[in-house]
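Quick notes on the structure that follows.
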Ligand code: 6R9
C-alpha cells in the first residue's frame, strides 16, 4: 500500500530554510588537490562510459580468480548481476594477496580494548588467523552457502569471523551486540543460520557486559515455534566471565582455532555469490534481511574508500568508529580498508571511557590520519567542550568523514575547526545498508565542501531528487531522493522476500530506486539530505522502525495502543518518543507521579528486552486517545508536533479532530 500525505511526514520546511541560507564553502587546498587519489576528470571519465568505468574499477581494485567478461546484466531488474561470470574470494582479496605482494608485515589492525589492552595484527597474522578460523568453521560442518550469525563486540575476532565466513563462501549475518535475545532469535530464524559466533562478553564503560546469555536464550526451545537450525555456537573468550555451557553445541573459539591448520585454500565463488545478509529496520515491524553479493559490493566498497577518503595504504592510519553490527562497520571496517591494504584502528569501547578524551587520545597514540564517524558523536563531543580534544595532538588528521544522518552545519563547522584544525576536508557521505557503499559525497581535493550537504553523486553513480510524479526537480526544488541507474554494490534483494524488495524500493517510482529520504537541490545543484520520509527513525545514526517499537510496547500487558515518533534531538538527531494508551486501571495509576515513573520504567525496560537498549523510548507519554485518520492510520506528524513542543499542525483529516485537544490538555496537567 502506498503511503498517503497523512502519514508520510514531509521534509521540514523550517530546517530547510536554515540549511538553504548556508553559503559557506571550503575549496580544497592546492597541496591536497595535487596529491589526491581522485582528480576532477573522474566525473567525465565515468559519465563517458559508466559500465566501462565500473569494469575498470573492478579490474584494478580486485584480484579475480577468473576475470569477468560481462559487466552488468540488468535483464532481471530490479535484481542486478554485476561482473556475473567472474570468480573471486573476498577474504583472499582482503588478506592473502597483500601478503603475496610482500606486505605481510604491514599492520592491518591496531586493536585498542576498552580497558587499554592492545593488540597489533599484521596482514600475515590476519592470514593465519582467518585461515585457521575458516578451517574451524569447516570442521564444524559449515559449508558454502550456509548462513552464520555473528553476535560479537568490536574485537579483532569479529573481523576474523566475518572474513572466515567469506573465505568458505558462507554468508554471514552480523547482529549488533546491543540487540536483545528476542531480536537475535528472530534474525537467526529468518536466516536459518547453522552456526552462531559470539563471545562470553565485552567491556563497556569499565565493566564486563555478558553476551552469551542472550544467545542461550535466543536458542531456547519454545512451544509452537520450529526448533532452531543452529547446530553449534562458537564462543570467543574475551572477559573471562562464567558462561553457561551446552555440551556438544558450544565450542570455544580459541580451542577450535588452536587445533586448526594455518593454511586454507579459499573457496572461490561467483561474483554474485551471497557475501552477507544484514538486517535493518523497515517501515513494518519485521526487519528486512538486506542481501549483498561479492564482486560488485567489494568493487564499490574499495573504490569509494580509496577516493572518498583519499586512502594511501602505505602511510595512512584509518579509523572508522562504527560497530561491525551496522553496514558502516561491514563496508568501512571489515571489507574496504582491508581490500585496499590499509592500516586501521579498531576500538572496542565508548568515547567516554575511562574519560571523555579517549577518542582523541587514540588519534594521537596511533597518528590517525583519516577519521570516519557519525554526527551524533560529533555533537556529543561538542557538548563536552572543545577543551577536551584540545588536550591532544590531532595534527595527523587529514580527512574527516561523516555518516549516518544529516550533519547540521554547526556540528560540521565544529568538526572542521576543532578536530580538523581548519584544514582537513570533511566528506559527508550519504548511503544506506541497501546501497552497500557510499553513493553521494564530496571528493576531497576536488569538491569545494559545504557545511551540511552531501553534495554530489560519486563518479559512476546517478542520483536525483524528484517530485511526487517522478519528475526531476529544478535547482532550488525539494522532493525525494532516488537512484536512477543500477550500481555495483546495490542490494540484491531482501532475504526470502522478493516481493517486499520490489514493493519497498521499486514501486514508488517506475524504474527508480526510492531511498526513503527527503532531499533538496540547491542553486548549484548540490544535494542536501533532509531525513527519512517514512516511518523509520534515525537515533544516533541507527535506523529504528516506529512500527517495531510500537509492537514491542503493545506486547506488554498494560498497553492497549501505542504510537512512536522520532522527535528532533540536539545530540542524537532524533529521540524515540512513545505515546501509549494504557489498559483499564493502569491508566488511573499512571496519573500519579509515582505511578507514572513506574510505567516509564516498566515500558522502557520492556522495549530494551524486546529489541535492545538503543530502542528504549526517551519519553513515554500516557494519553487517552491517539490521533487517527478515517482510514485508521495514526497521524504521527501531529504527535511529532507534541513531542517537539510545537503548535499542533493541521488536524482536519482526523476522524475525530478533538483528539489532539484531549492529548494536549492531558499532557499539560501536572503529574
Ligand atoms: C550508512 C548508513 C541509512 C539512512 C539513510 C539516511 C541516513 C546516512 C547520511 C544520512 C544524511 C548522510 N543517512 N548517511 N542522511 N546525510 N550523510 O547509515 O546506513 O543505517 O542503513 O541508514 O541513514 O536517512 O536513508 P543505514
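The values are calculated or read from the model by the stated rules, or taken from the named source; none is laboratory data. Predicted model only: the values in this text are computed from it and were never measured. We place every Cβ from the backbone using ideal geometry, glycine too, and count neighbours over all the protein chains shown.
Brief remarks follow.
- Among the residues listed as 497, 468, 524, 503, the single one being touching a strand residue (DSSP E or B) at 6+ places or on another chain (Cβ under 9 Å), surrounded by fewer than 23 Cβ atoms within 10 Å (Cβ to Cβ) and without any contact (Cβ under 8 Å) to a residue 24 or more places away in the chain: 468
- Some residue of the range 346-357 being outside any loop (DSSP other than H, G, I, E, B) and crowded, with 21+ Cβ neighbours inside 10 Å: yes
- Restricting the range 370-380 to residues that are within 16 Å of the ligand (Cβ to nearest atom) and not in a helix (DSSP H, G or I), the residue that is farthest from residue 452 (Cα to Cα): 371
- Taken over the range 445-464, the criterion of being more than 15 Å from the ligand (Cβ to nearest atom) and not in a strand (DSSP E or B) is satisfied by 445, 446, 448, 459, 460, 462.
- Of the criteria (1) surrounded by fewer than 22 Cβ atoms within 10 Å (Cβ to Cβ); (2) modelled with pLDDT of 90 or more, which one residue 560 fails: (2)
- Residue in the range 545-557 that is nearest to residue 601 (Cα to Cα), counting only those that are buried (at least 21 other Cβ atoms within 10 Å of the Cβ) and in contact with a strand residue (DSSP E or B) (Cβ under 8 Å, 6 or more places away or on another chain): 553
- Among the conditions (1) surrounded by fewer than 21 Cβ atoms within 10 Å (Cβ to Cβ); (2) more than 16 Å from the ligand (Cβ to nearest atom), the only one that residue 488 does not satisfy is (1).
- Considered as a group, the residues in the range 304-327 that are within 19 Å of the chain's Cα centre (by Cα) and in a helix (DSSP H, G or I) include one that is nearest to the ligand (Cβ to nearest atom), and that residue is 327.
- In the range 605-645, of all residues being at pLDDT 85 or above, touching a strand residue (DSSP E or B) at 6+ places or on another chain (Cβ under 7 Å) and assigned to a helix (DSSP H, G or I), the one that is nearest to residue 555 (Cα to Cα) corresponds to 615.
- Taken together, the residues in the range 409-436 that are more than 9 Å from the ligand (Cβ to nearest atom), in a loop (DSSP other than H, G, I, E, B) and under 24 Å from residue 325 (Cβ atoms) amount to 1.
- When the range 381-408 is filtered for residues that are in a helix (DSSP H, G or I), modelled with pLDDT under 95 and more than 17 Å from residue 320 (Cβ to Cβ), the ones remaining, listed by number, are 382, 383, 384.
- Qualifying residue in the range 329-339 (condition: touching a helix residue (DSSP H, G or I) at 6+ places or on another chain (Cβ under 9 Å) and away from the ligand (no atom under 16 Å from the Cβ)): yes
- Complete set of residues in the range 527-570 that are more than 16 Å from the ligand (Cβ to nearest atom) and over 20 Å from residue 635 (Cβ atoms): 552, 555, 556, 557, 558, 570
- Residue in the range 286-300 that is closer than 22 Å to residue 37 by Cβ, within 16 Å of the ligand (Cβ to nearest atom) and at pLDDT 95 or above present: yes
- Where residue 124 falls short, out of the listed (1) under 26 Å from the mean Cα position of the chain (by Cα); (2) free of Cβ contacts under 8 Å to residues at least 40 places away in the same chain; (3) assigned to a helix (DSSP H, G or I): (1)
- Single unsatisfied condition, residue 576 versus (1) over 29 Å from residue 297 (Cβ atoms); (2) touching a residue at least 12 places away in the same chain (Cβ under 8 Å); (3) surrounded by fewer than 21 Cβ atoms within 10 Å (Cβ to Cβ): (3)
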